[in-house]
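Asker: This is the structure I have questions about; it appears just below.
Bear in mind that the values in this text are calculations on the coordinates, not laboratory data. Treat the numbers as computed from the prediction; the structure is a model and nothing was measured. Cβ sites come from the backbone with ideal geometry, for glycine too, and all protein chains shown count toward neighbours.
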Amino acid sequence: MTDNWDDSDDDWDVDDDALDAKLGLAKPAETNFDDEEDLAVVEKKAAEMANKDALKKKGSALAAKKKAEEERQLEIEVARKELEYQAEMEAKMTPDELRAMERRRVEEADHALTDDLFGAVEKMTMDNKKGDQSGGDKLVLKDMKDHMKHARKVATCMKDHGKVHLAGIFLKEVIQQSKDVLDDDTISEIIKACNV
């Protein structure tokens, strides 16, 4: 007996998707673009972050450059003022006072050269902390340049807070505490500066 087996099961061999569609369980056709979209979004975000970092670096560099320029301008202004004050002081000095001042300048220059040659002991023993000073810190003002820089910083702080009574209290206290150091000519100069 020969089997007349028909190998075609076309009637029964229904596609799963077609069967689901007939039963109403059809799922919408999914496009598999998620991976590509995610890669595009990720690449776009990475590009934005890189661009943002580049802009931050440029902004930081620009701010640093601007700050360095301001500091350079401040140095020039302080040096100019220092020269004006020195010329004014020298004009009022007697010849003996001029010789003593010149001798002191030579000694200070020699000390600076010695420090450069052997290394400054102060720099080796001091902490390299940079930052704001608190009220209890000792402030070391060595020359006119240091005094003028500090005066400008204090004046900027007083302008920033804008409280007149606090500025008045500060200036009064500075003058009262340093009246032993001030002579009549200096007090007259301070009065002239206040009358402006």
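Asker: Would you list, by chain and number, the lysines whose Cα falls below 18 Å from the Cα of K58, excluding same-chain residues fewer than 8 positions away?
Answerer: List returned: K66, K67.
Asker: Note the full-extension length gain between A155 and L55 as 0.36 nm times their separation in residues minus their Cα-Cα distance, in nm to one decimal.
Answerer: Details: separation 100, 0.36 × 100 = 36.00 nm, distance 3.38 nm.
Taking A155 through L55 to full extension adds about 32.6 nm, to one decimal.
Asker: When a/c reaches 1.5 or more, the comparison of a/b and b/c decides; with that in mind, is the stretch 70-118 rounded, prolate or oblate per its Cα gyration tensor?
Answerer: Values: a/c = 6.30, a/b = 1.05, b/c = 6.00.
Oblate is the answer for the stretch 70-118, as a/c is 1.5 or above yet b/c matches or exceeds a/b.
Asker: Along Cα→Cβ, 7 Å out, is where each label goes; now give me the distance between the ones at E77 and H147 in nm to one decimal.
Answerer: Once both label points are built, they end up 1.9 nm from each other.
Asker: Additional query: Using a basic spin-label model with each label point 7 Å from the Cα along Cα→Cβ, how many nm lie between N195 and M101?
Answerer: Simple spin-label model gives 2.4 nm for this pair.
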